[in-house]
Amino acid sequence: MKLIKLDAIDSTNDFLKALSSQDELENFTTVTAENQTKGKGQVGGLWKTEAGKNLTMSVLVKDFLFNNDKVFNLSVLVSLSVAEVLKSLNIPDICIKWPNDILSYNKKLVGILIENTLKSDGRIVSVVGIGINVNQTDFDELPNASSLAVISGKTFDKEELAILIVEKLKEKIQSWNTSAQIFWDDYFNFLFKKGIPTAFRDNNNQDFMGIIQGVSPIGKLQVLLEDDSVVEFEIKEVKMLY
């Protein structure tokens with residue numbers, strides 16, 4: 001894989017998007033930055049990280065998505081790849097919090113932001129942004145966050161981690177056609193709070209109880225409500241309270 005290492009950048013996703021629009025980059029080209037000043041989270045949120053301590057990376061993925069209805073498949077593969085790599089490094093209690101945050105002991109370790117661009121020839125080119133709290137140990141301002149170092153008591157090589165994740169993602173994409181259902185099942189098995197009564201809050205600030213049943217093919221969270229109906233929620237339509 002082609003690895004571009006930057007010292008500081010506003011956003012690795014923006015950098016890679018700009019680069020891919022100018023050059024015909026090879027698939028799985030990866031950009032990492034020691035310091036990211038304007039990292040992005042889901043739907044306009046910010047991703048803040050301590051310079052030099054964490055892994056901030058973006059990966060170019062081409063020739064996988066050909067249909068807007070299938071974009072969540074990439075989210076499944078990315079979150080699953082990261083979860084499996086962290087599990088292989090003996091990080092305990094790894095879960096995927098819908099749609100694609102990675103948690104350990106209910107604390108957020110990883111944020112993922114995938115930005116898709118529809119090309120004039122109908123192809124979808126994706127830039128996969130992954131932020132992992134690796135060696136940072138101070139989370140005073142982020143009580144719901146943690147890091148690999150805090151949880152394991154060890155420090156990690158960030159570049160090695162990036163390579164492991166990209167190799168795992170590449171492997172899954174290459175075997176998608178024969179293993180799609182297995183990957184969806186694996187994603188569901190990692191799903192945080194599935195099958196457990198959980199408190200939620202909707203866009204109207206109304207709190208309610210529900211049980212996660214699954215995720216639809218287009219990525220909506222399926223929640224069983226107290227009246228036995230199953231409702232599907234888009235990202236940002238509902239917040240899990242835990």
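Using R₀ = 25 Å, calculate the FRET efficiency as 1/(1 + (r/R₀)^6) where r is the Cβ-Cβ separation of GLU237 and ASN67; round to 0.05.
0.65
Counting only DSSP beta bridges with both residues in the chain, what percent are antiparallel, rounded to the nearest 5?
Looking only at bridges with both residues in the chain, the antiparallel portion is about 85 percent.
Given a 1.4 angstrom probe, what's the average accessible area per residue across the range 197-241, in square angstrom?
Accessible area per residue, the range 197-241: 60 Å².
Between rounded, prolate and oblate, where does the chain land on the alpha carbon gyration tensor, with a ≥ b ≥ c its root eigenvalues, rounded for a/c under 1.5, else prolate if a/b exceeds b/c?
Cα axes put the chain in the oblate bin.
Hey, can you rank 205-217, 225-237 by average C-beta count inside 10 Å, highest first?
Descending mean neighbour count gives 205-217, 225-237.
PRE reach from ASN116 (point 7 Å along Cα→Cβ): which of the range 72-91 fall under 16 Å by backbone N?
Only 72-79 pass the distance filter.
Ignoring ligands, DNA and RNA, what percent of the accessible area of the range 197-241 is carbon or sulfur (1.4 Å)?
Reported share for carbon and sulfur atoms: 46 percent.
So, in nm, how far is label LEU89 from label PHE139 when the simple model puts each one 7 Å beyond its Cα toward the Cβ?
Each label point lies 7 Å from its Cα, and together they span 1.4 nm.
LYS5 versus ASN189, label points 7 Å from Cα toward the beta carbon: distance in nm?
In this crude spin-label approximation the distance works out to 3.5 nm.
Can you return the lysines within cross-link range of LYS53? Criterion is Cα-Cα under 23 Å, with same-chain partners fewer than 8 residues away left out.
LYS2, LYS5, LYS38, LYS40, LYS87, LYS107, LYS108, LYS154, LYS158, LYS168
Carbon and sulfur: what percent of the range 3-190's accessible surface (1.4 Å probe)?
Accessible surface attributable to carbon and sulfur in the range 3-190 totals 47 percent.
The values are calculated or read from the model by the stated rules, or taken from the named source; none is laboratory data. A quick note: this is a predicted structure, and the numbers were derived from the prediction, not measured. For neighbour counting, all protein chains shown are included, and Cβ atoms are generated from backbone atoms with ideal geometry for every residue, glycine included. Side chains are part of the model used for accessible areas, which takes the heavy atoms of the whole protein and leaves out ligands, DNA and RNA. Shrake-Rupley method; radii C 1.70, N 1.55, O 1.52, S 1.80 Å.
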